[in-house]
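Below is one structure; the comments refer to it alone.
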Amino acid sequence: MESRILPVDGWSKVVHFTDKNSGLNALISVHDATLGPSCGGCRVFPYESFEAGLEDVKNLSRGMTYKNALGGIPFGGGKAVIFANPKTDKTPEMLRAFGQAVDSLDGLYYTAEDSGVSEDDMKMIQSVTKFAAGIDKKGVGGNPSPFTSRGVWRGMQAAARQKFHAESLNGLSVSILGVGAVGMELARLIHEEGGTLVVADVNQAAVSEAVERFGAKAVTPEQAIAADVDIFSPCALGGAINLDTIDVIKAKVVAGAANNQLRTPDMDEALRARGILYCPDYVINAAGVISVGLEILGTWTNDEMNRRIDKIGDTLTEIFKRAEAEDAPTGAIANKLALEVIAKGAKAA
Ligand code: NAD
């Protein structure tokens, strides 16, 4: 195995690993390790160039620094990418070689699942390094989605308090785009609290289930974005808030699970300018990473998870209040708050 440290300004350590025998070609990026060892998933993807993979791993690891800081776990931000097609190129040898690469950093980076990496793959990686998590989530059969749904629900309640002075979601209407693992359970929580639902999904079976179980109104994805509701909840792919959709959104709150909901960073300010309260995606959907953090710390219990998840609502409330006081968009305030948490951690160390 060969490794080469790449000098990257503003990142703590970026290492390129290659292994001729297994064909491994991977990057591990540690953006910041002030709050603790860096932690973040490994993505397997056939990037079109080395530069494209480097850009992705840099951005993703920086995102993890912010997410972990506001998730309240003592971890810095890291991420890994393996240059390979997950369907055709991935082999046990390659995964074990990646595990050795992680191990060689001696705990500076903990890896976990991301797109292109399965639970079985993680077991393979864990056979050669103890710095791999996300495979032992007790109580939920390895599936973090119910926790993510709970986190989004708590965040939505906080947003409803802020925007509508509502004590609960009772009587409020929510449009969910994407009723998959997270969206469906979220729909259940909203329905049980007395909220009404509009749902859309490219999977018609999922839509039918939501209609049957929760009395949801079925619409097309375009109609879900433009629905005349109180809250819009993007729970499908990223980029739901973009130049084409921003002007048709009628909801006054955006609170969903999807990663990278804003196609471009300026959508943060665009939402604010339209009087729409945006729950920054990496804050409201942080339950998965909180779960990984507790697993690494060895303090994972259902009760502790729920306690930590419920704090997502408090963190968002703090963000909303500051955004209001500083007349600034919530995404920018979230980033600022994350930097403050890190600076405090640096002082305490
Ligand atoms: P999922 O695949 O189970 O559900 C996504 C749903 O969106 C599916 O039902 C799919 O059919 C639907 N969909 C896809 N494209 C669509 C489109 N163009 N229009 C309408 N519907 C569409 O995924 P999930 O685990 O529920 O995650 C949802 C989102 O939340 C993803 O962006 C994911 O990255 C993010 N997220 C999930 C978790 C988690 O714990 N699962 C944690 C953090 C973030």
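Numbers at a glance
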item	result
VAL14 long-range amide H proximity, modeled H, under 5 Å	LEU6, VAL8, VAL30
Projected-area mean, segment 287-349, by convex hull of Cα positions, square nanometres	5.1 nm²
J(HN,Hα) series, segment 187-196, from Karplus relation 6.51 cos²θ - 1.76 cosθ + 1.60, nearest Hz, glycine and proline x	4, 4, 5, 5, 4, 5, 8, x, x, 9
Peptides ranked, highest mean first, by Cβ atoms within 10 Å: ranges 166-175, 87-96, 101-110	101-110, 166-175, 87-96
Nearest 10 degrees, 0 to 90: helix 330-348 Cα axis against the chain principal axis	50 degrees
Greater than 22 Å apart at Cα, pairs in LYS87/LYS123; LYS67/LYS90; LYS58/LYS336	LYS67/LYS90
Whole-Hz ³J(HN,Hα) from phi, Karplus 6.51 cos²θ - 1.76 cosθ + 1.60, for segment 313-329, glycine and proline x	x, 5, 4, 5, 4, 4, 4, 4, 5, 5, 4, 5, 5, 9, 6, 10, x
Among ASP201, ASP281, ASP19, residue whose mean-square fluctuation peaks in a GNM of the chain (springs only between Cα atoms under 10 Å)	ASP19
Tilt relative to the chain, helix 50-70 - C-alpha long axis, 0 to 90 degrees, to 10	60 degrees
Dipole magnitude of segment 1-157, debye to nearest 20 (Cβ charges: Lys/Arg +1, Asp/Glu -1, about Cα centre)	540 debye
Zero-based 5 Å bins, Cα pair distances in segment 149-204, whole percents	5, 21, 32, 26, 11, 5, 1
Hydrodynamic radius by Kirkwood, which averages 1/r over all alpha carbon pairs of segment 47-170, in angstrom	16.8 Å
Helix-derived mean residue ellipticity, 222 nm - over the chain, DSSP H n ≥ 4, -39500 (n - 2.57), to 500	-14500 deg cm²/dmol
P(r), alpha carbons of segment 158-274 - 5 Å bins starting at zero, rounded %	2, 13, 24, 26, 19, 12, 4, 0
Equivalent-ellipsoid semi-axes of segment 229-349, from the Cα gyration tensor, Å, largest first	27, 18, 12
Segment 46-80: GluC sites (Glu not before Pro) falling in loop per DSSP and having at most 16 other Cβ within 10 Å	GLU48
Using alpha-carbon coordinates, inclination of helix 145-164 to the longest axis of the chain, degrees	40 degrees
Farthest toward positive dipole pole in segment 225-349 [+1 Lys/Arg, -1 Asp/Glu at C-beta], among GLY298, ALA287, ILE276	GLY298
Cβ-placed point charges (K, R +1; D, E -1), dipole of segment 220-349 about Cα centre in debye, nearest 20	320 debye
Cα-derived Rg over Rh, computed across segment 277-316 with Rh taken as Kirkwood radius	1.01
For LEU24, residues with placed amide H under 5 Å, excluding near neighbours	ASP19
For VAL198, distant residues with modelled amide H under 5 Å away	VAL174, SER175, ILE176, LYS217
Cα-centred dipole magnitude for the chain, charges only on beta-carbon of K, R (+1) and D, E (-1), debye, nearest 20	560 debye
Over the chain, equivalent-ellipsoid semi-axes from the Cα gyration tensor in Å	34, 22, 19
Hz values of 3J(HN,Hα) by residue in segment 88-96 - Karplus curve (6.51, -1.76, 1.60), Gly and Pro given as x	10, 9, 5, 10, x, 4, 5, 5, 5
Volume per residue of the C-alpha convex hull in segment 92-136, rounded to whole Å³	63 Å³
Cα-based Rg / Dmax (Å) for segment 14-107	13.2, 40
Computed Kirkwood radius, in angstrom, where 1/r is averaged over Cα pairs of segment 205-300	14.7 Å
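Laboratory data are not the source of any read-out in this text; all were calculated from the coordinates shown. Predicted model only: the values in this text are computed from it and were never measured. Counting neighbours? That spans all protein chains shown, and the Cβs are built from the backbone with ideal geometry, glycine included.
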